[in-house]
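Take a look at the structure set out below.
The values are calculated or read from the model by the stated rules, or taken from the named source; none is laboratory data. This structure is a prediction, so every number in the text was calculated from the model and none was measured. Because the Cβ atoms are built from the backbone with ideal geometry, glycine has one as well, and the counts that use them run over all protein chains shown.
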Amino acid sequence: MIIADLHLGKSEAYAASGMPVPPGVIDDDLARIEALLTATRADRVLVVGDLLHAPVGLAPALVDLVAAWRTRCRAVLELVPGNHDLRIETVAAAWELRLHGRFLIDGEIAFVHDPLDAAEVLVDHPGVEFVWTGHVHPGVRLKAGGDRLLLPCFYLAPQYGILPAFSRFTGVVAMDDREPGSTAYAIAEDRIFNATALRGLTTCPAWLPASSEPPAATAPSPKVRRRAGPARGPATRRSR
């Protein structure tokens, strides 16, 4: 099972700053992981960055809570670190966490947290055909009449994808820039649907391609090669 952007300790970090936070955020996230493991029978969980939110959120109660959860959740837990995973090594043993380097290659698929690093992996490792990333917390905006809705989504470009943020206590960034051949699969409660195939709704932004067919793989453009990552824009901003 592959997920990204749990941001464990975010509510604790906010509380330490005196900000009100909803209760039970981490319990809900961990319970959903358990439910998905039961449903899928997966025995391995790979987190593509930002398992943690900030060092200030690593309160002893949080560390103990996750450690207790790991006694029940026996799946292998692995992490490709993200920009928020500072001091992750201090809890790796207690959480039985297997740490990888900046990226992980598994056959023809690679995993790296920031989408801007995807093209570097593709160029430096010719055997890799697709890269899964996180970091952005992607979403798609929909409108019908006077109603507006922003849903988290899986964002798929020809050679890389951006996973939605797993935790519900995170922001969602509307993917307002189109890349050729890109597709968004929106998430609404327990349903996932191809937002490009909607009828009767106007998508906002209007970049969603008309075809619902999956895009063919293409090589990174020269611009992407120079930048060692997809072209910068709201879809790949580094500000999360």
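Select from region 40-52 the residues that are in a strand (DSSP E or B) and loosely packed, with under 14 Cβ neighbours inside 10 Å and list them in ascending order.
The answer is R44, and nothing else.
Going by the conditions given, is E213 surrounded by fewer than 22 Cβ atoms within 10 Å (Cβ to Cβ) and modelled with pLDDT under 70?
Considered against the rule, which asks whether it is surrounded by fewer than 22 Cβ atoms within 10 Å (Cβ to Cβ) and modelled with pLDDT under 70, E213 comes out as yes.
Being modelled with pLDDT of 95 or more, acidic (D, E) and within 21 Å of G171 (Cα to Cα): is that true of D114 here?
yes
For a quick check of your reading: which strands (runs of 3 or more DSSP E) sit entirely within region 120-192 and have at least 1 residues that are among the aromatic types (F, W, Y) and under 30 Å from L8 (Cβ atoms)?
130-133, 147-156, 160-162, 183-188
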